[in-house]
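Heads up: the structure comes next, in structure tokens.
The values are calculated or read from the model by the stated rules, or taken from the named source; none is laboratory data. Owing to the predicted nature of the structure, the values given are computational and were not obtained by experimental measurement. Cβ: placed from backbone, ideal geometry, glycine included. Neighbour counts: every protein chain shown. Remember, those area values only see protein heavy atoms, side chains included, never the ligands or the DNA or RNA. Shrake-Rupley method; radii C 1.70, N 1.55, O 1.52, S 1.80 Å.
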Amino acid sequence: MPHYFSLTTKLGCSPGSDIPVAELKHNVVALAKAAKVLGLPMVVTATSPEMWGPIIPELTEALSGISIINRTTVNAFDEPRFAKAVEGTGRKKLIIAGVSTEVCLALPAIHATGMGYDAYGVIDASGTFSETKRITGLMRMVQAGVVVIDYATVAVEMLKDNASPKASALYAALDMPFAGLVGQLAGAFAKGRAA
């Protein structure tokens, strides 16, 4: 069993300056679906939904059966229910995504690293309002020892082996159009060589 724990803090507000909103939505939903396929425990928070809006419906659907902690704190770890839920997983590796890279992702990831966790910041399942905010958030995380990663790579790394019985479901959850194209090209190339 992988020693990972997944956290998703995605709300309905739309950053969109560093990543198109549709792509961000796709990636965070795919990450949540992949975490479910891999059987990862998830702690999900919504920061002040009355101010920032509710969790996007597609993510709510992907997270069916998972409780959502509504919080007002800027750093998720400053919410006692969140900190207790993370500790309760017994995991030491955290996969974190957040609606704003420099706050919702960076602050808990940096905090977790300081507490001795291995924090993985999922960059393409997080977004923000400007390139400056993105760069400063990334720099702070890297300086603090957070592993910067993308949604598909973190899932495939945990899968470890494409012969796993979970592989097909995982790749379906990740919904990577480019990977499908590569597979089609490889199949066509193999047919051409066989002829």
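Arranged from highest to lowest average of other beta-carbon atoms within 10 Å per residue, in what order do the peptides 128-136, 21-29 appear?
Details: 128-136: 16.1, 21-29: 19.3.
Those peptides, ordered most packed to least, come out 21-29, 128-136.
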If R0 is 22 Å, what FRET efficiency do you get for Ser168 and Glu58 from their C-beta distance, rounded to 0.05? 0.55
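Which value, in Å², gives the accessible area per residue of the range 24-79 when a 1.4 Å probe is used on the protein heavy atoms?
Values: 2430 Å² over 56 residues.
Here the residues of the range 24-79 average 43 Å² of exposed surface.
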List the lysines whose alpha-carbon lies under 21 Å from that of Lys160, not counting same-chain residues fewer than 8 positions away? Lys33, Lys36, Lys92, Lys93
How far apart, in nm, are two points set 7 Å out from the Cα along the Cα-to-Cβ line at Ile66 and at Ala144? 2.1
Reference-scaled alpha-carbon Rg (2.2 N^0.38 Å with N residues) for the range 83-132: 1.16
